[in-house]
1. Among A:158-164, B:307-313, B:209-215, B:323-329, what's the highest-first ranking by average C-beta atoms within 10 angstrom per residue?
2. Considering Cα pairs under 8 angstrom that are at least six residues apart, work out the relative contact order of region A:89-233 and quote it in whole percent.
3. Give me the distance between the Cα centres of region B:73-103 and region B:144-204, rounded to whole Å.
4. Tell me, rounded to the nearest percent, the portion of alpha carbon pairs in region A:268-357 spaced more than 20 Å apart.
5. What is the count of Lys pairs in region A:107-242 whose alpha carbons sit under 26 Å apart, if the two are 8 or more places apart or on different chains?
6. Once the Cα gyration tensor of region B:227-326 is found, what semi-axes does its equivalent ellipsoid get, as square roots of 5 times the eigenvalues, in whole Å, sorted largest first?
7. Along its three principal axes, how long is region B:388-519 when you only count alpha carbons? Whole Å, largest extent first please.
8. I'm a student and want to see the number: the projected area of the Cα convex hull of region B:155-264, averaged over all directions, in nm².
Protein chains: 2
Amino acid sequence: MKPATLLSLALLLFCSTPAASQQSPAAAAAHAYRQTHEREIISEFLDLLSLPNVASDTPNIRRNAALITRLLEQRGVKTRLLEEAGAPPVVYGEIQTPGAAHTIIFYAHYDGQPVEPVKWVGGDPFKPTLRSAALEAGGQAIALPEKGQRFDPEWRLYGRSASDDKAPIIALLAALDALRANRIALGSNIKFFFEGEEEAGSPHLEKIIAAHPDLARGELWLICDGPVDQTRRQQIVFGARGVTGLELTVYGPRRELHSGHYGNWAPNPAMMLARLLSTMKDDDGRVLIEGFYDGIEPLSETEKRALAEAPENDAMLRRELGLARTEGGGQKLVELINLPSLNIRGFASASVGATARNVIPSTATATLDLRLVKGVDHRQAVARVVEHIRKQGYHVVASEPDQATRLAHPKIIKVIKEGGYNAARTSMDLEVSRQVIGAVESARGKVITLPTSGGSVPLYIFTDTLKTPTICVPIVNHDNNQHSANENLRLQNLWDGIEVMAALLAMKEPGSRAPTGTK
Amino acid sequence: MKPATLLSLALLLFCSTPAASQQSPAAAAAHAYRQTHEREIISEFLDLLSLPNVASDTPNIRRNAALITRLLEQRGVKTRLLEEAGAPPVVYGEIQTPGAAHTIIFYAHYDGQPVEPVKWVGGDPFKPTLRSAALEAGGQAIALPEKGQRFDPEWRLYGRSASDDKAPIIALLAALDALRANRIALGSNIKFFFEGEEEAGSPHLEKIIAAHPDLARGELWLICDGPVDQTRRQQIVFGARGVTGLELTVYGPRRELHSGHYGNWAPNPAMMLARLLSTMKDDDGRVLIEGFYDGIEPLSETEKRALAEAPENDAMLRRELGLARTEGGGQKLVELINLPSLNIRGFASASVGATARNVIPSTATATLDLRLVKGVDHRQAVARVVEHIRKQGYHVVASEPDQATRLAHPKIIKVIKEGGYNAARTSMDLEVSRQVIGAVESARGKVITLPTSGGSVPLYIFTDTLKTPTICVPIVNHDNNQHSANENLRLQNLWDGIEVMAALLAMKEPGSRAPTGTK
């Protein structure tokens, strides 16, 4: 049985989307509206995906901000660009709802991960393409249907940020349209906060928020980012892992050497780095760095129950991903993301393939990302890695070693530390948490709740700095190639997402301000 | 003291080039001729270096062959292109010397290693540039001097194959001119055998030689390839290491995964490969693969004495290369190249630097080269590596694993074996060996003799298949960036090389045919 077939079967068994008649009025209105406006929604999406959106590409990132501003203003949203020198602007929007005392802030980000066009089918990540299915399932490019014609919900839209994270922006815009078309009132004051450098690590987010305390004030931040469960069931996530990274460069001879004339004599930096990395994890993926798991904040009873109830997708995923084994001593994926992780996200030394040459490389570089959970500070986690490297006999430098340094130390490594941020988690036991679960279930039926996402968004700014409950409501498919080439969005996920966003926009006055809402 | 200064000091101490008056007539004639023809020699060299010469670049490789043919014919050499389907031609040339009964065959190769233009200063490996010194010593591009003006012998000529291996071809051509201008007779029949795919592993050399047994017949093959000693002293090398290679690809998930959502769970192929490679060598560079050092043929007394007398350049080289340590348990470089070696010549998985993304890579690839010595068969050496990989729990495949293979095996590696060849060594105790030493010393004074080069040339074809003594006479500088970007030639090495080639061309009737000349 092919994995796709297995997955379809699982979806039939597990999915419990209610019929429109069982949905809340807001979700049902969104459902009906979408069915008659698919072409318009997708056209708007295509315009947005056509704008290159790597955070460092300033002219294009500003074109994204300008288009999103226009799309919000067309819906009567009062907008502002929140600027910080050297940063892409935050696109901020606001709707005052008559009689509402409370405010929900919807967060999303409009920038995307860097791209390697040569790895994209079609060669251009910013030429969005509709396909009849996922590429892996033989999806073919298809033309945009005429207005009024239906879209197959299993079609996929390919392009950078189709899922991560422009889809929620489009879903919110369509949900606003649907509510207005059906004269359904918003449930509270609404703010939109669309960031432009999340994939670059949100280096200015905290500063921008600090500069605009009034705009950032609300009773609830809703983070619209990340994928739904691998079964395609809706989930709500109450936290996110923190993240940081390091780039490690080990030095061999000052120049590449002929491997024949110097082999056996000149130390090989690729081998040195391989040996160093091999000391960091055991064969089962457990991190061997001293103290790496120290300080982790334990889960509450509700959180443990949520994990126990979460679907176990591991066997299905292993099949989909072609893996005969996973790491983590038999624990399931949803449990393992409640631990910090250390990952080699890239390794490079000299060349492989057609340009391989018989040399002893001069340097070898690996880049690591660390994912962090509540109780582990990102600076401390990096410090533990660096301390481990020192214990392996390395002299650690922060820039290219000079000749004196080279001659003084047999093993030299350059460590470039990235910025980062800590994990955050909002309690599932808050009143506002129960309200959000109720609203989303009114659109999508029984949901999965998880204490944390495996991925990272800088939730600490909202939970720890602003002291505001923060809940993540993802909408996109898990198999979207997020962060890689050929990123895509399954249309049904967008359709469902519009209903979820409509239900949240119409949700009545989320729980009063809760300074103890974080844990 | 800067390394360049130290090196200069060492050169003053060690170099013992005789004054022209102490040289043989042939070498002295070459010396005088060169002094008045530097511009012409370099102009011819620039033309040759301007032709791209990667073996797989058929149209350009044929342009190289055509130019070399023309240059030989201009000197009255009778030429032929030796063709084999799919191979760059061998440029063959022949001079019958009246009264000569014996024949010397001069081997060189006109193809070069693949290039990565972006790594070359100036961006074009085939736009040869004269520089005032090595780039590392601040060398600046300088214009070609006018005819009659002298060239500083410390200038360097930058371009792919400036050293490896077009320099000996130019040296031979200039030496022929010098002998003719001074009416000095050749000492025997001369053949030129210039190969066009040595850097691609000489896959057709054996076949081409087998197809032309008469042309390949002679009393001595002289291999004009490789660098002289790091002290810049002339050396003569009586063997070469064999070489082979493997490309290893370890498989992780079918597609790159978000490191947050799947970190701790999906095995990381870069980490798996790092762990695998780390089992292959210890921290001192000793290969841990079972049987790797088995079968090595011991050195003779003469060979051991030669190694003991060889200069110990290790401290100087460590300084030049910025290395605080070397591998090999304290043995010196000239000794260590008499052992087989295993080298990581490249490693790649996902991306580092500006295009790094937070992913679990889908694959990781490392490419290894093995250097072999007499007594170790290249196929057996590769088999030992593969057996070692199996012992680490890997399922070894020869092509991309399919889904069934992926799901059946927790650790999968694709091993692509390259072609290769065995090491060869000619005894230093043969009469012809002593003659060659004498001729070269008549040009350059006391020489260093070594049982083997660290690098590889397919000498086994001459020694083992043709049963002909084979001796390597290198001329280029060791610090030539051979096989890397910014390859270069120090002009003094070319000037000296012309004198060496003239002495060898004039050498009288090398020892009679010696079927036992190899060991």
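1. In decreasing order of mean packing, A:158-164, B:307-313, B:209-215, B:323-329 become A:158-164, B:323-329, B:307-313, B:209-215.
2. On the way: 196 pairs, mean separation 68.1, N = 145.
The value is 47 percent.
3. Going from one Cα centre to the other spans 16 Å.
4. Values: 2207 of 4005 pairs.
Roughly 55 percent, once rounded to a whole number.
5. 8
6. Result for region B:227-326: semi-axes of 42, 19, 13 Å.
7. In descending order, the Cα extents are 68, 40, 20 Å.
8. Details: hull surface 57.6 nm².
Over every viewing direction, the Cα hull of region B:155-264 projects on average to 14.4 nm².
None of the figures in this text is laboratory data; all of them are computed from the coordinates on show. This one's a predicted model, so the numbers in the text were calculated from it and none came from an experiment. All Cβ positions, glycine included, derive from the backbone under ideal geometry; neighbour counts span all protein chains shown.
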